[in-house]
1. Enumerate the calculated ³J(HN,Hα) couplings along segment 185-197 in order (Karplus 6.51 cos²θ - 1.76 cosθ + 1.60, θ = phi - 60°), each rounded to whole Hz, writing x wherever the residue is Gly or Pro.
2. Which whole-Hz couplings ³J(HN,Hα) result when phi for each residue of segment 364-370 is put into the Karplus expression 6.51 cos²θ - 1.76 cosθ + 1.60, θ = phi - 60°, listed in order with x for Gly and Pro?
3. How far is helix 340-353 tilted, in degrees, relative to the longest principal axis of the Cα atoms in the chain, given as a value from 0 to 90 rounded to the nearest 10?
4. Between segment 335-358 and segment 60-111, what is the C-alpha centre distance in whole Å?
5. Spin-label point model (7 Å from Cα, Cβ direction): what's the R491 to K352 distance in nm?
6. Within 12 Å, Cβ to Cβ, of H462, how many net charges do the neighbouring residues add up to if Lys/Arg are +1 and Asp/Glu are -1?
7. Pull out the extension gain between D245 and N17, defined as 0.36 nm times the separation in residues minus the alpha carbon to alpha carbon distance; nm, one decimal.
8. Quick check on segment 115-244: take the gyration tensor over C-alpha atoms, sort the square-rooted eigenvalues as a ≥ b ≥ c, and tell me if it's rounded (a/c under 1.5), prolate or oblate.
Amino acid sequence: VSVQNPFERGEKSAHNNRIHPPPYTPPKDEVEKLRGWGFEDTAFSVNSRGHIQLSGTRYTVSGQEMPYLLPWMADVTNSPVGPHNVHAPLADISVESARDTSAFRAAVREFLSDDQLSDDAGLRARHGHGHTLRDVWRVTYDNPPRVPDLIVFPSEEEQVEKLVQAAHAEGVCLIPYGGGTNVTEALECPGEESRPIVSVDMQRMNKILWIDPENMTAHIEAGAVGRNIQRQLKQYGFTLGHEPDSVEFSTLGGWVATNASGMKKNRYGNIEDLVLDLRVVTAQGVLERYGVMPRESTGVDPRRCFFGSEGNLGIITSVIVKVFPAPEVEHYGSVLFPRFSNGVKFLHDLAKSRIVPASVRLVDNTQFQFGQSLKAAPTPLQAQKSKIEKFIVLKLKGFDPKQMVAATVVFEGSAREVAAQEEVLYDLAKKHGGMKAGEENGKKGYQLTFGIAYIRDFVLRHYIVAESFETSAPWANVEEVVHRARLRAEREHAERKLPGKLFFSARVTQVYDPGVCIYFYMGFFHKGVDDPVRVYAEIEGAVRSEILDAGGSLSHHHGVGKIRERFLPRIMSEPGLRIVRQIKQATDPENVFGARNHGVGREPGHGEH
Ligand SMILES: Cc1cc2nc3c(=O)[nH]c(=O)nc-3n(C[C@H](O)[C@H](O)[C@H](O)COP(=O)(O)OP(=O)(O)OC[C@H]3O[C@@H](n4cnc5c(N)ncnc54)[C@H](O)[C@@H]3O)c2cc1C
């Protein structure tokens, strides 16, 4: 029985000043790829002059010729990466025929219209994967194994409730789908599932239901995509402040279900700090609370179970989030440090100062060089300027080009706040041997984030398997985690006698009082290697094990999905793991939500690939 929230009925307090934005229609040209990352019109390729270029006009690097990038890639991987070494994708992929969903279809046709159901093969393939290397490989060079048999597109919570009832009655398994950007194989359909699998695509539940300017909250449907939430809130002078690097394509429901983190979390918080309330359709009915409070102490809070639930426990239909006034000032900055360890010490002091800007990231020397390799050929004036800059950095300051690293910064807030943040940050940077490298470089660094996300699809077509993975670590272990992860990766690569040189790079992306989040990028040239995706997974698994040994976490924000479930016993006692399994068993005994992520619903030992 659904009890209507008295706050929603407007009985408990005056909500007359709430804003009810009209439905949002995204621009027509924002068509997403079915195979690969991002928008249809954007991809890296090698142009007729043999230089890498990003098509389209969306990003700062779009259209720019990058003459140094291909030679740099060949150099850093010590392999023949180039226009003549192309690993062409399959022209088409085929998926197995859909299982019989006729009884389920008949049941849901009572409340869904024709256009809310699809068994299109391309869509089915897209709904069966996220963006791990294995996920992408399988729709580029392979035919995916099991994919959903049917996609449904509910447009309101009541339809989701009825879908869950129909799934229960007709013996169908449901997997919620947000933006399909996860990097944990969370959307991979369990091969052992004997029931038909239905993907519940939340994209039509994308409305901002209201914005409450007085209480600084907003009620948003779970299928709303990050970029659209940003645009709409901005129209009313607000921001959510949640900016994962996938913000263009990931959804609010996906953020909660994966326990996501955004680059500006220092100012606004991670997803768990931003969410005040959520509504979830479970196998038991709708989980809802009657009131939105700044904080409560009301015993065990069942809503907490849905952070990181990865589709196992129910479908999040809407979320009440905090919103913030759009910042008065946004400044960028950048600092060069002679070595990674100087940068880490600087970040540590910055955390201790507790005057931390919205975002600060530290890239290692390899990523610093990568950034340089993305540049366009300079004009004569730029070349002259760059010569002088190099002279100052390398000769006067004595930085070693093979050791130096960079931090990029985003400052947000009132003009006074930003001025204070800048003063503290640059003082600390100086204390640790840092050198200001200008606002423009900082800005470019951040703007690159979204364009550069397309690079993995490009390198894959040139025989490089690559992906990123992350961890978090206390300050005391940061350098050891980075050092040991790198050594282990290099050792694993060498032991397998793989071609070329391993690409391995690290950056610190988030700072906390007790430590940081670290991202690793790893890749290698694989031409001639048998089953490179399996080899990659073995190396990544070994590195993960090393990270855990060195005092890092299993994941800071990507989650567990199916890619890391085998490590769970290393981070939690058996009673802890049992509680998680029992929550599933108690709330969804029939396993209607059958994604089987983070080991729930599977025998121990699964996920070892
Ligand atoms: C280039 C790139 C950059 C990234 N950057 C970041 C980053 O900066 N920070 C970060 O945290 N992550 C990042 N990610 C990972 C990913 O974007 C996040 O995990 C994101 O939160 C997933 O959201 P989604 O809407 O795409 O979910 P999906 O991939 O569709 O689903 C993820 C899981 O959540 C479940 N789910 C989705 N919607 C719902 C719902 N409404 N109810 C219940 N369960 C649901 C699915 O069943 C699945 O198990 C990045 C990924 C890529 C490829």
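Values in this text are rule-based calculations from the coordinates and carry no lab data. Remember, predicted model here, so these are calculated numbers, not experimental data. Don't worry about glycine lacking a Cβ; one is built from the backbone with ideal geometry, like all the others, and counts go over all protein chains shown.
1. 6, 5, 9, 5, 6, x, x, 7, 6, 8, 7, x, 10
2. 7, 4, 5, 6, 4, 5, 4
3. 60
4. Going from one Cα centre to the other spans 37 Å.
5. 3.2
6. Working: positive: R456, R461, K527; negative: D457.
Once all neighbours under 12 Å are counted, the net charge is +2.
7. Length difference between fully extended and current span is 78.8 nm.
8. On the way: a/c = 2.77, a/b = 1.55, b/c = 1.79.
Oblate is the answer for segment 115-244, as a/c is 1.5 or above yet b/c matches or exceeds a/b.
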